[in-house]
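The values are calculated or read from the model by the stated rules, or taken from the named source; none is laboratory data. Everything numeric in this text was worked out from a predicted model, so none of it was measured. Positions of Cβ are generated from backbone atoms using ideal geometry, with glycine treated the same way; all protein chains shown enter the neighbour counts. SASA here: full protein model, heavy atoms, side chains in, ligands and nucleic acids out. Shrake-Rupley method; radii C 1.70, N 1.55, O 1.52, S 1.80 Å.
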Amino acid sequence: MDPGILIDIQHLHTNFYLREGVVKAVNGASLTIAKGRTLGVVGESGCGKSVTAQSILQIVPRPGRIESGDILLHIAEGDLDETINITDLNPGDPLMRDIRGSRISMIFQEPMTSFSPVHTVGNQLEETIKLHQPEHRDEAPTRVLDMLRRVGIANPERNVESYPHQLSGGMRQRAMIAMALMLEPSLLIADEPTTALDVTTEAQILALMRDMQSELHMAIMFITHDLGVIAEMADDVVVMYLGRVVEKAPVRAIFHSPKHPYLQALLESIPRIQKRTGARLQAIEGIVPNPLDVPPGCPFHLRCPDFIPGVCDEVVPADTTVDEGHTVACHLYTD
Amino acid sequence: MWKFLLQRLLLFIPTFLVISVITFVLIQAPPGDYISSYATQLEASGEEASEALLIALRKRYGLDQPVYVQYVKWLWGIFTRLDFGHSMQWNRPVGDLIWDRLAWTVVISFLTIIFTWILAFPIGIYSATHQYSGFDYSFTFLGFVGAGIPDFLLALVLMWLGFAFFGLDMGGLFSEAFRDAPWSWAKFVDMLKHLWVPVVVLSVSSTAGLIRTMRANLLDELRKPYVITARAKGMTEWHLVLKYPVRVALNPFISGIAYVLPQLVSGTTIISIVLSLPTTGPVQIRSLMSQDMYLAGSIFLLLASLTILGTFISDILLAVVDPRIRLE
């Protein structure tokens, strides 16, 4: 494995077994997360971006299950150099629990409901240390105060005793970040961390995440549906549609030379300040197909302006490299 | 926190007074009084109830005075001397009649609550964390059966089973030999042998309800994002379930304590009659039928006080358990 790679996901399939049928939430997605860099994962609701993240931590909620594929985690620290295949582990495996919260941690969309309402912020932050480094439990309170200070929480001595509902939304998300970074993980998964915040707070939280990243040299998997946030945060970008990765590229290429018709349409639909006022926004034709009944071939062919009959509706397009580090899964680019 | 408790404590006083007034008025509401029902009783048995005797009795019990005077005297006695008045039917002070019974009622009720919780919480937690498993379905079924069976029927069946197969007399709280004996280890063991019947019978339906409530509450909580957060931190499943969602799911139970006490006390009435237990229930019914107002009133007042006390306890516990409540 390339030493610069932290996470390598290959052909991941994660299914939800519902009474109505099987929802293939992640349907053969492959992507890599480089050490110390930010991978932006974009896509609309239900495209499988959150489930991919949950699969990495093996916390896919029931009735969901990882069906097949590999999630390789590369651990290199001092003399230690090993690769763990996360899909080989059970969700309850002690090794999996070791990884959660210490090597890979996660922050969520709603910082209010993501904290327990009946435990103090301090209690919940200290828990991470007590779980993973029980030998250092005496230091937990000082380390929590230190971390709260680093994420910019004013008066940490008082706020550590507060309950989540006593903090503002931005403060809660800062506390959430502090909790996730407590053990300096090598990957922080951020699942729409600023969606519930107002724009000013969002900007502060994004800046904080960038600062903490350069301080701790961690990778970030940033999940969002907001292309503006992606432009600001990501180094590399993955575009997902109906459980598949349709395009992977460095962030500049995503905005300057988008290849997949879905991504092109998505970028067209963003309102721009320079544009003539009064003009209608471009919308993507049609709707996302029912996830219980995914069309054969390319998942986007029903809505695609460049649909090739007999090809797109029959064959699932393979990844085609169009430029260095830029691949697209579309028949328009295959030979 | 202390201010909150003091507030609740002060509210206790007006609530108690209002309840005592309502109790007294309601008991007086039906036409006639104890003396008139006593007269009917005498006439029914062929004796003559002379007008002079009835007037003398009314005077003796203070029934010739206006209602509010009777009320104030009664309440004054309670507050100054803990004197709950005189039971006309039993011709004894109310206090003598009810303290023992009240103690037994509290013992049985308390054991029932404990037994219910010990049974219901683990089952409810397991059912929620293993939703739609065979275990969950079995207990759902048993729970509904339990909730559906009338408790007096269950009591009768248990008594019959005990008598038919083991030759045991399971009524009452003691065997014949120990009934009037002083307390001893043997008497205690004998009591335990009898006590489990009312405890089990009274627990069955409330356990069934509690399992359903616990299961539903916990299922709601298990879907909350903070559970996913805890899981993403690397906690073991049972550790996180017990620390977070169970803790939150307990809130409705704690606020329910207020109603558990009076419910059990009044709920024991029919069972007490069936199993001939020395609780307040049977006495309360008889006092109401004969309009023995001080006895009936005192029992109602004590029941109401138990409710207020239960509310107070549950307020304190809720404030301890849920920080969001402390900040009113």
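At 7 Å along Cα-to-Cβ for each site, give me the label-to-label distance between B:E237 and B:T15 in nm.
My value for the distance between the label points is 4.2 nm.
With a 1.4 Å probe, how much accessible area is buried between chains A and B, both sides summed, in Å² to the nearest hundred?
2200
Note down the relative contact order for chain A as a percent, whole number, built from C-alpha pairs under 8 angstrom at least six residues apart.
The normalised contact order for chain A reaches 20 percent.
With the Cα gyration tensor of chain A giving a ≥ b ≥ c as the square roots of its eigenvalues, does the rule (a/c under 1.5 for rounded; else a/b larger than b/c for prolate; else oblate) give rounded, prolate or oblate?
The shape class here is prolate.
Which residues, if any, in the range A:71-109 have at least 40 Å² less accessible area in the whole protein complex than in the isolated chain, probe 1.4 Å?
A:R97, A:R100, A:F108
Averaged over peptide B:234-245, how many Cβ atoms belonging to another chain are found within 10 Å of each residue's Cβ?
Mean partner-chain Cβ count within 10 Å for B:234-245: 4.
Can you give me the orientation-averaged projected area of the convex hull built on the Cα atoms of the range A:116-184, in nm²?
4.1
What's the magnitude of the charge dipole for chain B around its Cα centre, counting Lys and Arg as +1 and Asp and Glu as -1 at the beta-carbon? Answer in Debye, nearest 20.
It comes to approximately 1400 debye.
Evaluate E = 1/(1 + (r/R0)^6) for A:E77 and A:I273, where r is the Cβ-Cβ distance and R0 equals 35 Å; express this FRET efficiency to the nearest 0.05.
Approximately 0.15, to the nearest 0.05.
Report in % the part of the accessible area of the protein assembly as shown that belongs to carbon and sulfur, leaving out ligands and nucleic acids; probe 1.4 Å. Let's see the in-between values first.
Details: 19710 of 32400 Å².
For the protein assembly as shown, the apolar C and S fraction of the accessible surface comes to 61 percent.
Quick one: if you take sqrt(5λ) for each eigenvalue of the C-alpha gyration tensor of the protein assembly as shown, what semi-axes come out, biggest first, whole angstrom? Don't skip to the end; give the middle numbers.
Details: eigenvalues 981, 148, 122 Å².
Semi-axes from the Cα gyration tensor: 70, 27, 25 Å.
Could you sort the peptides B:171-182, A:43-54 by per-residue average Cβ neighbour count (10 Å cutoff), highest mean leading? Could the numbers behind the result be given before it?
Numbers: B:171-182: 13.2, A:43-54: 21.7.
Those peptides, ordered most packed to least, come out A:43-54, B:171-182.
Magnitude of the Cβ-charge dipole of the range A:116-184, K/R +1 and D/E -1, about the Cα centre, nearest 20 debye? Intermediate results must be reported in sequence, preceding the final value.
On the way: 8 positive and 9 negative charges, 61 e Å.
The calculated dipole for the range A:116-184 is roughly 300 debye.
Of the candidates A:A283, A:A318, A:A25, which one comes out as most mobile in a Gaussian network treatment of chain A with C-alpha springs shorter than 10 Å?
A:A283
If you roll a 1.4 Å probe over the heavy atoms of the protein chains, what accessible area per residue do you get for chain B, in Å²? Please list the in-between numbers first.
Working: 17210 Å² over 328 residues.
On a per-residue basis, 52 Å².
Would you mind classifying the range B:99-326 by shape? Square roots of the alpha carbon gyration tensor eigenvalues, ordered a ≥ b ≥ c; an a/c under 1.5 is rounded, otherwise it is prolate if a/b is larger than b/c and oblate if not.
Prolate.
Grab the DSSP H runs of the protein assembly as shown that are 4 residues or longer, score each as -39,500 (n - 2.57), total them, divide by all residues and round the 222 nm result to the nearest 500 deg cm²/dmol.
So the calculated ellipticity at 222 nm is -17000 deg cm²/dmol.
With each pseudo-label sitting 7 Å past Cα toward Cβ, what's the B:L219-B:V106 distance in nm, one decimal?
Output for this residue pair reads 3.9 nm.
Cα-Cα over 29 Å: which of A:K24/B:K233; A:K130/B:K3; A:K130/A:K248?
Numbers: A:K24/B:K233 26 Å; A:K130/B:K3 35 Å; A:K130/A:K248 39 Å.
Too far apart for the 29 Å limit: A:K130/B:K3; A:K130/A:K248.
Residue by residue through A:217-228, how many Cβ atoms from other chains fall within 10 Å of the Cβ on average?
The mean count of partner-chain Cβ atoms within 10 Å per residue comes to 0.
How large is the charge dipole for the protein assembly as shown, taken about the Cα centre, if only the Cβ atoms of Lys, Arg (+1) and Asp, Glu (-1) carry charge, to the nearest 20 debye?
The dipole magnitude comes to about 1700 debye.
Need one value for A:116-122: mean number of C-beta atoms belonging to other chains within 10 Å of its residues' C-beta atoms.
Partner Cβ neighbours, averaged per residue: 6.
Please report the accessible area of A:T32 (heavy atoms, 1.4 Å probe, ligands and nucleic acids excluded) in Å², nearest 10.
A:T32 exposes around 60 Å² with every protein chain in place.
Tell me the per residue accessible area of chain A using a 1.4 Å probe; a whole number in Å² is fine. Working shown, then result.
Numbers: 15190 Å² over 335 residues.
I get 45 Å² per residue for this part.
Can you give me the distance in nm between label points at A:I308 and A:T320, each placed 7 Å from the Cα along the Cα-to-Cβ direction?
The answer from the label model is 0.6 nm.
Work out, step by step, the length gained on full extension between A:D93 and A:S168: first 0.36 nm times the residue separation, then minus their alpha carbon distance; give nm to one decimal.
Values: separation 75, 0.36 × 75 = 27.00 nm, distance 3.61 nm.
Separation in residues times 0.36 nm, less the Cα-Cα distance, equals 23.4 nm.
Which trypsin sites (Lys or Arg not before Pro) in the range A:251-335 pass both tests, a DSSP loop state and at most 11 other beta-carbon atoms within 10 Å? Let's see the in-between values first.
On the way: sites: A:R252, A:K259, A:R272, A:K275, A:R276, A:R280, A:R303; in loops: A:K259, A:R272, A:K275, A:R276, A:R280.
Hits after loop and neighbour filter: A:R272, A:K275, A:R276, A:R280.
Using a cut-off of 15 Å between beta-carbons, work out the net charge of the residues near B:V67 (Lys and Arg +1, Asp and Glu -1, B:V67 not included).
So the surrounding residues net to 0.
Taking R0 as 45 Å, what FRET efficiency do you get between A:A154 and B:I316 from their Cβ-Cβ distance, rounded to the nearest 0.05?
Plugging the Cβ-Cβ distance into 1/(1 + (r/R0)^6) gives 0.85.
Figure the gain on full extension for B:A164 and B:A52 (residue separation times 0.36 nm, minus the Cα-Cα span) and round it to one decimal in nm.
34.9 nm
Which Cα, out of B:A44, B:A29, B:S206, lies furthest along the positive dipole direction of chain B (beta carbon charges, K/R +1, D/E -1)?
My answer, from the dipole projection, is B:S206.
Accessible area of B:S45, 1.4 Å probe, to the nearest 10 Å²?
Solvent-accessible area, nearest 10 Å²: 80 Å².
Scan the range B:29-110 for GluC sites (Glu not before Pro) in coil per DSSP, keeping those whose Cβ has at most 16 other Cβ atoms within 10 Å, and list them by number.
B:E47, B:E48
Please list the equivalent ellipsoid semi-axes of the range B:23-94, computed as the square roots of five times the alpha-carbon gyration tensor eigenvalues, in descending order and whole angstrom.
Working: eigenvalues 118, 35, 26 Å².
Over the Cα atoms of the range B:23-94, the semi-axes work out to 24, 13, 11 Å.
Out of A:P185, A:H11, B:S298, whose Cα points farthest toward the positive end of the dipole of the protein assembly as shown (charges: +1 Lys, Arg; -1 Asp, Glu; placed on Cβ)?
Highest projection toward the positive end goes to B:S298.
Restricting the count to DSSP beta bridges whose residues both fall in the protein assembly as shown, what percent are antiparallel, rounded to a multiple of 5?
So the antiparallel bridges in the protein assembly as shown amount to around 65 percent.
Among B:I273, B:I313, B:I149, which one moves the most in a GNM of chain B with springs linking Cα atoms closer than 10 Å?
Of the options given, B:I149 has the highest mean-square fluctuation.
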